[in-house]
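First the structure, in the form of structure tokens, and then the observations on it.
Please treat every number below as a calculation from the coordinates, not as lab data. None of these values were measured; they are calculated from a predicted model. Heads up, the Cβs are rebuilt from the backbone with ideal geometry, glycines too, and the neighbour counts pull from every protein chain shown.
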């Protein structure tokens with residue numbers, strides 16, 4: 001389920017109102033589960049995907065402990081650093097509003113929200129598929145429904161997601177003595193500095209993905225794909241680490257780092273960790289004019 005929509009169409013979907021929502025209801029053991037979306041064809045497959053995934057979780061023994069509802073909300077935030085987001089909504093007023101517009105049972109005790117950032121989906125170089133975004137956020141939803149990773153009592157995440165995505169860039173700035181006021185650099189980037197920059201990006205993203213509910217999501221998505229949890233390819237698939245590294249490589253290239261250096265680091269540090277589906281990753285490189293990393 002790729003988006004296959006123009007930016008104008010995605011904006012129209014994001015602006016679509018909630019005056020006439022549509023819902024899908026399924027029993028989940030002794031409890032019930034509801035998915036509510038705006039009434040627009042764009043969301044038909046999304047509701048189906050969420051319901052199927054909840055079915056997969058039940059087959060894995062990941063059962064909910066209460067009746068809940070999930071809203072899928074499109075937003076238009078092209079400058080935000082996310083494509084999808086999951087939010088548990090503790091405000092009872094939201095549940096009351098939902099009950100007022102649908103026939104959701106009064107026994108629903110939890111409201112959750114999956115946000116889809118249509119503004120980011122509209123970017124032509126964005127490689128993540130809508131199905132991957134929904135899958136990731138739905139595993140957070142499933143975790144919340146059953147508290148499988150202790151998500152309801154989870155301490156604040158030790159590594160901020162935006163910090164993790166920018167860690168390699170900050171290390172790069174430190175290596176070259178970047179002056180944010182003048183935009184000048186005092187040192188030439190060395191091969192060792194390049195390696196440390198990539199390592200910082202990898203380490204911070206692992207630290208983020210290895211925490212609480214993110215690790216639960218990572219494990220479940222890897223299980224679906226036959227990947228090893230904790231593997232580099234697993235992080236690429238479940239947490240967008242591939243695009244994060246490619247953005248870093250493009251940042252290095254824009255500062256004058258020779259392609260030969262970037263290729264050498266990619267071939268030694270990254271490419272050996274991609275073993276399950278190399279053709280798919282090669283396509284991503286070609287689509288972003290980075291196929292020279294493979295030569």
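Points to keep in mind about this one:
- Cα shape, the stretch 150-201, gyration tensor, a/c 1.5 rule: oblate
- Take every pair of alpha-carbon atoms less than 8 Å apart whose residues are at least six positions apart; their mean separation over the length of the chain yields a relative contact order of 15 percent.
- Cα convex hull of the stretch 209-267, projected area averaged across orientations, nm²: 4.5 nm²
- Whether the chain is rounded, prolate or oblate, judged on the alpha carbon gyration tensor where a/c under 1.5 counts as rounded: prolate
- Here the residues 70, 222, ranked from fewest to most Cβ neighbours within 10 Å of their Cβ, fall in the order 222, 70.
- Gained length - residue 153 relative to residue 284, 0.36 nm times residue gap less alpha-carbon distance: 43.4 nm
- DSSP-defined antiparallel bridges as percent of all bridges, the chain, nearest 5: 50 percent
- The stretch 161-294: C-alpha gyration tensor shape, a/c 1.5 cut-off, then a/b vs b/c: oblate
- Helix-only [θ]222 nm of the chain, DSSP H runs n ≥ 4, -39500 (n - 2.57) each, per residue, nearest 500: -15000 deg cm²/dmol
- Rounded to 0.05, the FRET efficiency of the residue 5 and residue 56 pair, given R0 = 30 Å and the Cβ-Cβ distance, is 0.65.
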